[in-house]
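This report refers to the structure that appears directly beneath it.
The values are calculated or read from the model by the stated rules, or taken from the named source; none is laboratory data. Not measured: the values here are computed from a predicted model. Glycine also receives a Cβ, built like all others from the backbone with ideal geometry; neighbour counts cover every protein chain displayed. Quick note on the areas: whole protein, heavy atoms, side chains included, nothing else; ligands and nucleic acids left out. Shrake-Rupley method; radii C 1.70, N 1.55, O 1.52, S 1.80 Å.
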Amino acid sequence: MNENEALLDALIEGRLPDDAGRFGPFGGRYVPETLMAAVTRLDEGVRTLLRSAELQARLEAELRDWVGRPTPITPAPALGARWGAEVWLKREDLAHTGAHKINNAIGQALLAQALGARRIVAETGAGQHGVASAAACARVGLPCTVYMGEVDVARQAPNVDRMRRLGAEVVPVTSGDRTLRAAIDEAIRDWVSDPAGTYYLIGSAIGPHPYPYLVRELQAVIGREARAQMIERAALPEAVFACVGGGSNAIGLFHAFLGDRDVRLVGVEAGGRGSGLGDHSATLSAGRPGVLHGNYSMLLYDDDGLIHETHSVSAGLDYPGVGPEHALLKLVGRVDYVTASDDEALAALDECCEAEGILPALESAHALAGARRWAQAHPGARLLVGLSGRGDKDMPILAQYPVRKERSDAAA
Amino acid sequence: MRPHERVKAAIEQSEGPAVVGFLTAGHPHPDRFLRDLAAIAEAADAVEIGVPFSDPMADGVTVQRSSRVAIEHGVSLRWIFAELERRDFELAAPVLLMSYLNPLLAFGYERLAARAAETGVCGFIVPDLPFEESGPLKAALDAAGLALVQLVTPATPRERLRRLAAESSGFLYAVTRTGTTGAGLSVPAELAEYLAAVKAASPLPVCAGFGVRERAHVELIGRHVDGVIVGSALVEVLESGADPAAFLRGLKGRSATV
């Protein structure tokens, strides 16, 4: 057995991350000494409290009664007819607050409460994690501060209003690139200032160990449900598609399928407006290993080691890093990572609206675009596409683009 | 004397508490870097040169701002080494580079150690590199006799403190409080006890940093440890165009300017 297969087996059998928080060469804990005590305490909390029968029972009840799980899988026959495939959609857009983010937010909020945190800080890009955190904090009764880049505050205004209405304080971040990455920097700075009383509720499968593991465990419910639903309704899919920014939705959907070696897993990154650095957010497709936000993973940075600014039409994918488990899955070849451009995502979004009456998030539209391309090369295949969230929050961005019909008319 | 021993000796040989001055390379302007460095090295016992980074998560607004300005001026690790190489004066104090890990990783550890040795850099401080992850960098630096300074904080458990103290080289960096750099020094009742514990655990000299802005802080901290690190306050002095050497001498009680 070669080294890569051994690593994949270890991951599937639950032996990764190891005690140092490593997924093979990736992961770890690259944080200031100030945070080591907090990270170590969280690790202990994850090992003991998260797995406790009491917390698991509370989480299960909240996922069922408050989040609305299980979310359905929806057959998409009209898309299937267009693509020449059998298409199924895993509907995280139907979860409470409109995206998969809520699975992680309520899980971590319950954990934070069990750990004795007095307040919660979170960061958000598209706003979905901010909304989910605000809602989860309201639900468990903890004050919540959400950092959000001022560029994202402007392009995701409806979500800012939702967060405030849910009782969160939203702090616009004016430093750095003023998007998700700067918001994470700022949330970490806040956490550094009071690591004992503050819980940092990270929104993706990134950050220092144990966050990538914790977030994956909380999101893995997506894949567990989807796998069982596919078997019940049809059969295992031939390929599964998910969008990848930081990668929490994708890792949640993929994880349960890792052992199904015949199921192709495809992560779709934001190809943006071109292949130059700064024009996309395709970390796994175009990045190299480096350290950002507490872990060693694939990153977009320049020859001087400075993290590069990224671009995507989707704020939720506009991030220069990715979770370390994805970096491992790419290394061992278990998941294919491809890109979809802004234009392809916008077209896929319109097509999904028109064919299925579902407005997906711009993030999810990348997964649809990737699936559409794959379907054309594999006629008749059975596909599962993760719809990570709904597109209502993207209306301010979508307003800048004409609807499909007008676009086709203009092109004609 | 090997580079890490030069750092240790410089702290130990200071009259009164040693002062380690911090400047961000190329801030406020790249043209001033070598002149500011010379002036700070003259007045301080050791110098920390900040390598600008795009995502400085342990730094407060002042150092963060200085980092951004330096990056906008094109300052990088390569540029810093080139500047150090072209200097035509002896540095009066040992110099360390303070950098987040990714620029060092991008540079390559072997090449980093070689360039540091060539250009007179004595060691490194890497705020986002905890001891557990430091093996590969430490091996490369050790081979060249360069220091890798470990940091401890009031939240560091006692057993871990002993381990970090034993692993540090040059000196041991005691962060005086939780939080980012730049805010004022709060003086918790436990500060003296904490610094005493750090001092007792460390075979190396101990320098305390984060929040040191004035002579009184130096006196207060100097009673417990061997030196202080002055970062954001010195960055502000440089930003304002004031004389960094006069400010540092004032901190050390060698003039009445502070």
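Give me the net charge of A:TRP374's neighbourhood, meaning all other residues with Cβ under 10 Å from the Cβ of A:TRP374; Lys, Arg count +1, Asp, Glu -1. Local net charge: +1.
Multiplying the residue separation of B:ALA82 and B:GLN13 by 0.36 nm and subtracting their alpha-carbon distance yields 21.9 nm. Label reach from A:GLU3 (point 7 Å along Cα→C-beta): in region A:10-41, amide nitrogens under 20 Å belong to A:10-13, A:15-29. Neighbours of A:ASP194 by Cβ distance under 13 Å: Lys/Arg scored +1, Asp/Glu scored -1, total +3.
Determine the distance separating the Cα centre of region B:3-60 from the Cα centre of region A:224-250; give it in Å without decimals. Between the Cα centres of region B:3-60 and region A:224-250 lies a distance of 53 Å. Peptide A:294-304 has a mean shielding of 4, counted as Cβ atoms of other protein chains within 10 Å of each residue's Cβ. Peptide B:59-68 is shielded by partner chain Cβ atoms: per residue, an average of 2 of them sit within 10 Å of its Cβ.
Which shape class applies to region A:188-313: rounded if a/c is under 1.5, otherwise prolate when a/b exceeds b/c and oblate if not, where a ≥ b ≥ c are the square roots of the Cα gyration tensor eigenvalues? Oblate, since a/c reaches 1.5 and b/c is not below a/b.
Between region A:45-109 and region A:274-349, the C-alpha centres lie 24 angstrom from each other.
Relative to the Cα centre, the charge distribution of region A:1-128, modelled as +1 at Lys and Arg Cβ and -1 at Asp and Glu Cβ, gives a dipole magnitude of about 480 debye. Taken along the Cα-to-beta-carbon direction at a fixed 7 Å, the label points for B:ALA192 and A:ARG233 span 7.0 nm.
Residues considered: A:ALA286, A:ALA135, A:ALA57. Largest GNM mean-square fluctuation over chain A, using C-alpha springs under 10 Å, is found at A:ALA57.
Modelled this way, with points 7 Å down the Cα-to-C-beta line, the labels at B:GLU110 and B:ASP31 are 4.1 nm from one another. Heavy-atom surface analysis with a 1.4 Å probe gives region A:1-91 a carbon and sulfur content of 52 percent of its accessible area. Here is the short version for chain A: A:CYS243, A:CYS352, A:CYS353 have no other Cys C-beta closer than 4.7 Å.
With helices as the sole contributors, chain A gives -13500 deg cm²/dmol at 222 nm; each DSSP H run of n ≥ 4 counts as -39500 (n - 2.57), and the sum is divided by every residue. Surface analysis of chain A yields an accessible area of 33 Å² per residue, using protein heavy atoms and a 1.4 Å probe. Applying 1/(1 + (r/R0)^6) with R0 = 45 Å to the Cβ-Cβ distance of A:ALA78 and A:ARG273, what FRET efficiency is obtained, to the nearest 0.05? Rounded to the nearest 0.05, the efficiency is 0.95. Restriction of the GluC sites (Glu not before Pro) in region B:55-134 to DSSP coil positions whose beta-carbon has at most 15 other beta-carbons within 10 angstrom yields B:GLU90.
Look at the stretch B:99-107: the mean tally of other chain Cβ atoms within 10 Å of its residues' Cβ atoms is 6. From most to least packed by mean Cβ count within 10 Å, the peptides A:314-321, B:53-60, A:370-377, A:45-52 give A:314-321, B:53-60, A:370-377, A:45-52. For region A:353-378, the residues whose backbone nitrogen is under 16 Å from a point 7 Å from the Cα of A:ASP392, taken along Cα to Cβ, are A:358-362. Rounded, prolate or oblate for region A:59-182? Axes are the square roots of the Cα gyration tensor eigenvalues, ordered a ≥ b ≥ c, and the cut-off for rounded is a/c under 1.5. The shape class here is oblate.
What shape does chain A take by its C-alpha gyration tensor, where a ≥ b ≥ c are the square roots of the eigenvalues and a/c under 1.5 counts as rounded, a/b above b/c as prolate, and the rest as oblate? The shape class here is rounded. Each part gets one Cα centre, and for region A:125-191 versus region A:351-373 those centres are 26 Å apart.
Given R0 = 35 Å, the distance between the Cβ atoms of B:ALA38 and B:ALA143 translates into a calculated FRET efficiency of 0.75. Net charge in the neighbourhood of B:ALA242 (other residues with Cβ under 12 Å of its Cβ; Lys, Arg +1, Asp, Glu -1) is -4. Sparsely packed loop sites in region A:216-304 (the trypsin sites (Lys or Arg not before Pro) outside DSSP H, G, I, E and B with at most 12 other Cβ atoms within 10 Å) comprise A:ARG261. Summing both sides, the accessible surface hidden between A and B at a 1.4 Å probe radius is close to 2700 Å². Dividing the summed -39500 (n - 2.57) terms of all DSSP H runs of n ≥ 4 by the residue count of chain B sets its mean residue ellipticity at 222 nm at -13000 deg cm²/dmol.
First measure r as the distance between the Cβ atoms of A:TYR401 and A:GLU60, then evaluate 1/(1 + (r/R0)^6) with R0 = 41 Å and state the FRET efficiency to the nearest 0.05. The pair A:TYR401/A:GLU60 has a calculated efficiency of 0.50.
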